[in-house]
Amino acid sequence: TNGCVGAGPADGFYCQYTLDYLATVGFPEDKLRRGGYLIRTNLDRRASDIAKRAATAEVPTQTEGIADAMAIVEPGSDRHPVRALVANRDYGIDADAGQTSYALPSLVQGFGAGSIYKIFTAATLLERGMGIMNPVPVTDAYTSRVFRDNGGPYTVTNAGKYRNGSVTLQTALAISPNTTFVALEDKIGSIDPVVNMAYRLGMRQSLNFKDASGTTIADAVKKEKRGSYTLGPEPTSPLDLANVGATLMSGGKWCPPTPIDAVLDRNGHPVPVPEAPCEQVVPAGLANSLVVGLSKDDQPSGTSFAAAQAAHWTRPLLGKTGTTQNNRSAGFIGATPQYSGAVLVWPDGSRPSGICDSDPPRLCANGDIFGGKVPARTWFNAMVPLHEGLPVMPLPPTDPRYVTGAGPNVPNVVGQGENVAQLALERAGFRVKRVVSTSDQPAGIVAAEGPTTAQPGDVITLSVSDGTGRAAPAPMSPPAAAPYQPPQRAAQQGNVDQPGQPADRQADPNADPNAPPTTRPHNHRRRGG
């Protein structure tokens, strides 16, 4: 239908989403035409105008083959109102003038959001016992022990250069090494919990999207055991991403991203709208702590630092960048307690290719766009004016359980038979290594185990008695990884994300995750990163 053309080049996308949404809650278009209803929406015209200007400033309306779309959702414990849905394209039917009637900001696009999906891996690990200040490994390359690539080994690398070592999960979310998050998927042992977490937090339309074979993305990823899911190559809706930020900023409360304020009948009486109820999808402590875990992206080692600095951004935020293979698409999700927004940039023409971060951006064989470039600049250039006059609100308080981890959590199996002990540990989510030791315990009995604190997927070593009568020392925990020593950033190197970027400073595992942002000078260059 072209019924939304009259809404104008900026608001037509919001109009289209409103019609699409109403159709899912019992108000198809033919019913709307017959019923004489008055629809009051949640559109914030000021937010829409600001976001539209930010998108077209980065990618002009008639730019060949490149779309820049933004969705803005207001967090809340009982509603998630959609405040703006815009794109660099105008809504309309004149393709030669850069118009489209395809709902770019709300529908699932054929390109992914890259490392933004690492949020779902992190959330899954927090649910299973990890904390945002726990160490995670950083390596130049990593070959999965769980996932395969067309029957062969699945090996991932980082585009940026990292030194082997460890960083906190909070730092890993800011500097975004690919190898770290595939290794964390291995700890989980299956992609299913990560996909389920993405659905719970808000990627519902994206995961229900069907591929060419008629299979939903969720089912395809699970069936094919795609270890790449954490790197975000799957088709994505910008609105879904924005609602993920709203869920996290609402203490883990998911609500449908609604464009509807009220529906009135021809007599002005309210008509019930059977929208999906809100759901507490993760504990508030997990959501709040993950918000803080994602709060360093705009800091000096983070992938959106240059864009934030150029826009003079000074507020606390949740942020994450993402870029897909060959720099074909890139995204940014950011949220404050007042607004959650997501930006996705992708090739929307008939001959998609990489995107180069020129001025204006252009299609190119060897793309260099990253989430910290066009997407992050669009977000910050919209959110700075949108927040003018609003109080600077702190991020929510963390829960110690999700900061330092769950504490000693390995079942005590000392004194049990080795097979029973191994089964108990495997059921608790751990891997098991057996070593034979001399002990005064009967043969086959577990004489010692270690470590007693671990994350799901970690190896627990069982010392199994050989029955010879000498006491067995407790097995040693694996040596700690070497401290992470960040390399010097090369001259003119940009802030990149997926693929990863080196940090320019080491995160202190004992540091306060809620520490205020670093004070930094303003950078008046339009182009950052």
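The values are calculated or read from the model by the stated rules, or taken from the named source; none is laboratory data. Just so it is clear, the model here is predicted, and its values are computed rather than measured. Positions of Cβ are generated from backbone atoms using ideal geometry, with glycine treated the same way; all protein chains shown enter the neighbour counts.
Out of 302, 285, report the one residue that is crowded, with 24+ Cβ neighbours inside 10 Å and assigned by TED's automatic domain parsing to the domain that holds residue 99.
It is 302.
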- Right, residue 188: hydrophobic (A, V, I, L, M, F, W, C) and farther than 25 Å from residue 85 by Cα or not? yes
- Message: Can you find a residue that is of a type in the set (Gly, Ala, Ser), outside any helix (DSSP H, G or I) and touching a residue at least 60 places away in the same chain (Cβ under 8 Å) anywhere in the stretch 42-56?
- Response: no
- Restricting attention to the stretch 90-142, which residues are under 20 Å from residue 6 (Cβ atoms) and hydroxyl-bearing (Ser, Thr, Tyr)? 91, 100, 101, 102, 106
- Filter the stretch 121-139 down to the residues that are of a type in the set (S, T, N, Q) and more than 13 Å from residue 283 (Cα to Cα), then identify the one that is surrounded by the fewest Cβ atoms within 10 Å (Cβ to Cβ). 139
- Here is a list of conditions, (1) buried (at least 18 other Cβ atoms within 10 Å of the Cβ); (2) under 19 Å from residue 248 (Cβ atoms); (3) among the aliphatic types (A, V, I, L, M), and residue 448 meets all of them except one; can you say which number that is? (2)
- Task: Go through (1) over 17 Å from residue 371 (Cβ atoms); (2) β-branched (Val, Ile, Thr); (3) outside any loop (DSSP other than H, G, I, E, B) and name the single condition residue 314 misses.
- Result: (3)
- Note: among 85, 104, just one is farther than 30 Å from residue 396 by Cα, under 24 Å from the mean Cα position of the chain (by Cα) and surrounded by 24 or more Cβ atoms within 10 Å (Cβ to Cβ), namely 104
- Considering every residue within the stretch 221-230, establish whether at least one is closer than 27 Å to residue 79 by Cα, surrounded by 20 or more Cβ atoms within 10 Å (Cβ to Cβ) and assigned by TED's automatic domain parsing to the domain that holds residue 341. no
- Message: Need a quick list: helices (runs of 4 or more DSSP H) entirely within the stretch 163-209 having at least 1 residues that are acidic (Asp, Glu).
- Response: 178-188, 192-201
- Message: Looking only at the stretch 363-378, how many residues end up being modelled with pLDDT of 95 or more and surrounded by fewer than 17 Cβ atoms within 10 Å (Cβ to Cβ)?
- Response: 2
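Suppose the filter is surrounded by 18 or more Cβ atoms within 10 Å (Cβ to Cβ), assigned by TED's automatic domain parsing to the domain that holds residue 398 and on the phi > 0 side of the Ramachandran plot; does residue 245 pass it?
Criteria not met by residue 245.
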- Item | Pair list, Cβ under 9 Å, 6 or more apart: the stretch 96-107 residue over 17 Å from residue 341 (Cα atoms), other residue polar (S, T, N, Q) and at pLDDT below 90 | 101/1; 101/2
- When (1) modelled with pLDDT of 95 or more; (2) more than 22 Å from residue 342 (Cα to Cα) are applied to residue 136, the one that fails is (1)
- Task: Exactly one condition in (1) modelled with pLDDT of 95 or more; (2) in contact with a strand residue (DSSP E or B) (Cβ under 6 Å, 6 or more places away or on another chain); (3) farther than 19 Å from residue 299 by Cβ; (4) not assigned by TED's automatic domain parsing to the domain that holds residue 233 is not met by residue 420; state its number.
- Result: (2)
- Message: Looking only at the stretch 379-391, how many residues end up being surrounded by fewer than 22 Cβ atoms within 10 Å (Cβ to Cβ) and over 18 Å from residue 297 (Cα atoms)?
- Response: 6
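Of everything in the stretch 445-481 that's among the aliphatic types (A, V, I, L, M) and modelled with pLDDT under 80, which residue is nearest to residue 432 (Cα to Cα)?
Applying the filter and picking the extreme gives 454.
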- Inside the stretch 210-293, counting only helices (runs of 4 or more DSSP H) that do not spill past its ends, which hold 2 or more residues that are under 14 Å from the mean Cα position of the chain (by Cα) and of a type outside the set (Ser, Thr, Tyr)? 238-249, 284-293
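Conditions tested, residue by residue: (1) modelled with pLDDT of 95 or more; (2) touching a strand residue (DSSP E or B) at 6+ places or on another chain (Cβ under 9 Å); (3) charged (D, E, K, R); (4) crowded, with 24+ Cβ neighbours inside 10 Å.
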{"residue": "28", "(1), (2), (3), (4)": "no, no, no, no"}
{"residue": "40", "(1), (2), (3), (4)": "yes, yes, yes, no"}
{"residue": "70", "(1), (2), (3), (4)": "yes, yes, no, yes"}
{"residue": "78", "(1), (2), (3), (4)": "yes, yes, yes, no"}
{"residue": "93", "(1), (2), (3), (4)": "no, yes, no, no"}
{"residue": "108", "(1), (2), (3), (4)": "yes, yes, no, no"}
{"residue": "112", "(1), (2), (3), (4)": "yes, yes, no, yes"}
{"residue": "119", "(1), (2), (3), (4)": "yes, yes, no, yes"}
